[in-house]
Amino acid sequence: MSEVEQKPLIVRRLEIKNFRGVKKGSVDFQGHTLLVGGNNAGKSTICEALELVLGPERAYRRPIVNEHDFHAGRYLDDDGNPIYIKIDVVLLHLPEEMEKKLFSKTRPWSDMKGGFVDEEGAIPEASDGEDVVRALPLTFIGYYDRKEDDFVGTTYFAHPVEELGEDDEHYGKPFAGLSFFPRNWKTQCGFIYLRTLRTGRRALSLQRGSLLDTILRLGDTGKESMWESTLKQLSSLTPPIGDIPQLEGIQAQIKDRIAQFVGLSADTDATGFYASDLTREHLREVVQLFLKSEGSNYAVPFNRLGTGAVNALVFALLTHIADLRGNRAIIFAMEEPEIALPPHAQRRIANYLLGNMGQAIITSHSPYVIEEFDMANVRAISREDGALSSDGVPTDIIKHSVLRTNRRQLAEAVLARGVIVAEGDTEAKMLAAASYMYEALDNSGAYTPLDLMGVSVFDADAQSNIPKWGPFFGALKKNTFAFHDSPKKMWTATQTANLDTYHHNFESAYTGTEDLLSAEVPVSVHRRFLKLAAKHPDYPTDKGYLKAAALDDEVIALSKAVLKAKKGSGFAALLIEQCETLEEMPVTVTQFLKKVAADIALSKSG
């Protein structure tokens, strides 16, 4: 396969057992992937699990796992036997040279069949399918070793499995017969994990796994001699730190005092002060990048700059890492790139990652990041009783052009706890306004508005579109509500089935929102609305204006005509905003809002 045709190395599947809050679960990736879900749904756990399997620097952490990494903190069963953390990863599209050297470790994979095609009982011809490619299965096993009284963990090639005899010390263990997946192959995978929340503490330090350390590792020129040279210079500073007059006196006193109890060298420098422990690891901890910000001639440690500036520096380093990797793979995982960045910077980072990383796996709560992703690459993460779920969006029922057109709405809906699919712009704006007014007029304080409940209002653009959005948002495991008029013709069987996927499908008794407002809002509110609307630059002057002596029926008729003429312009919301008491609010709308609030509250308690 030519270099141009070579697809980037990607994580295709991740399976997790007994890790953190996940007892069991799996995630399928299709190239770039956006992980969305509520707090503590398991998004960070997914990234951490990938790092355990693929991260070249993770093995330096001691211990590599601890008590809190095991699900529910249980690392031993009731009989005292170890409970294992097991994380399986399937890699696709290995670089040509890597695939040649590791061919015996790979297995045939088919996306059409959703897995390996050489399972027990499979026919040989199954490996000849057009979409079959070689996949590299890897597994991380972590457990408590009672003999060593320590937690250990290792990444292995998951294939092939060597048969072991019962007398082998590893017989019966989940890693029995597996060969070690060494660090040099992890480096070839190019996995980088950036925890944005910790940027200010370590991303620009020289600690193992930091961005600067990654750049040093990728450059791979002279980093060993760098540490040796630096340590020698620190140990032979001229003049030594101990020659500072105040320290020199203390040093002499300490030497005399200690010499009474401890045998010291006769050298004059038997005691001394140094700038560090003079070890590589300590240097990694203490050496920091200093910067002078614009308009300042004073250098400060990077973490003393503003959070936004630090994240901008992180972005700059990411571009450098991409250049260093060149055509080699980068599997890049990043948590919440939006932190402390304005919208345009969020979009810029998302765009860069999608365009320059072989695979970007991102968690985010920002609509500005989410809208840069194709909906087909969104995975809704949820967790219940330790079972992790990862659900894709059924994009086959919504045209791609529609998804792109509605990407900002969709980005907001993806983040929401619940979604109201409104028939059109008029209904969407009216419901939002009614929610705010309900909160303002509810003296009891019992009502929670839609935005504080985490409910997004989605404009379906037409009544006929209401049914198809039900399965779409249902797949994202949202609490879904439909709000629409009574249809002018019967729903089809397919439309009815789709409407049934909503948690609550509200069908108004009226054939239009204007009819609803005309029937349920008091005439006094309509009078206030017409007086205010007349001053609006978009008022439909051809409909005439409110007359002081107008009868109630005439007021309602004029208000209805104005609402219809300016459908979708926000006039229906303007009318709602003229209500001065809850009793003046349209009953149909308030009852619907109460239903939404009750269902959301129930889902939270459940």
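Observations on the structure shown:
- Heavy-atom accessible area per residue - the stretch 38-127, 1.4 Å, Å²: 51 Å²
- Farthest positive-ward along the chain dipole, Cα basis, beta-carbon charges - from I258, L283, I85: L283
- Karplus-derived HN-Hα couplings along the stretch 275-286 (A = 6.51, B = -1.76, C = 1.60, θ = phi - 60°), whole Hz, x at Gly and Pro: 7, 6, 6, 6, 10, 4, 5, 5, 4, 4, 6, 9
- FRET efficiency for N303 and K232, using Cβ-Cβ distance with R0 set to 25 Å, rounded to 0.05: 0.35
- Here the accessible area is traced with a 1.4 Å probe on the protein chains. For the chain, carbon and sulfur cover 50 percent of it.
- Placing R0 at 41 angstrom, the Cβ-Cβ distance between V587 and H344 gives a FRET efficiency of 0.40 after rounding to 0.05.
- For L76, distant residues with modelled amide H under 5 Å away: I83
- Reachable lysines from K232, criterion Cα separation under 30 angstrom, eight or more residues apart if same chain: K223, K255, K292
- Those residues of the stretch 379-395 whose amide nitrogen sits under 18 Å from the label point placed on L403, 7 Å along Cα→Cβ: 379-381, 390-395
- By DSSP, the beta bridges lying fully in the chain are antiparallel in about 60 percent of cases.
- Gain in span if fully extended, D538 to Q30, counting 0.36 nm per residue against the direct Cα distance: 178.2 nm
- Average accessible surface area per residue within the stretch 402-537, 1.4 Å rolling probe, Å²: 43 Å²
- When each of K489/K547; K560/K594; K399/K488 is checked by Cα-Cα distance, pairs over 29 Å: K489/K547
- Scalar couplings 3J(HN,Hα) for the stretch 363-378, obtained by applying the Karplus form with A = 6.51, B = -1.76, C = 1.60 to θ = phi - 60°, are 10, 7, 10, 10, x, 6, 7, 4, 5, 7, 8, 5, 4, 5, 9, 8 Hz; x denotes Gly and Pro.
- Close amide-amide hydrogen proximity is noted between D461 and G424, D425, each under 5 Å apart and 5 or more residues distant or on a separate chain (H modeled in the peptide plane; Pro and chain starts excluded).
- Shown here is the pair-distance distribution of the stretch 412-466: with all Cα-Cα distances grouped in 10 Å bins from zero up to the longest one, the shares run 26, 47, 24, 3 percent.
- J(HN,Hα) series, the stretch 287-293, from Karplus relation 6.51 cos²θ - 1.76 cosθ + 1.60, nearest Hz, glycine and proline x: 6, 10, 7, 9, 9, 9, 6
- For I361, distant residues with modelled amide H under 5 Å away: T33, F332, A333, M334
- Cross-linked pairs K23/K113; K113/K477; K43/K86; K43/K101; K17/K105: Cα-Cα separations exceed 29 Å for K43/K101.
- Using a simple spin-label model with pseudo-atoms 7 Å out from Cα toward Cβ, A509 and A126 lie 5.9 nm apart.
The values are calculated or read from the model by the stated rules, or taken from the named source; none is laboratory data. Being a predicted model, the structure only gives us computed values, none of them experimental. Here the Cβ is made from the backbone with ideal geometry for all residues, glycine too, and neighbour counts use every protein chain on show. Accessible surface areas use protein heavy atoms only, side chains included; no ligands, DNA or RNA. Shrake-Rupley method; radii C 1.70, N 1.55, O 1.52, S 1.80 Å.
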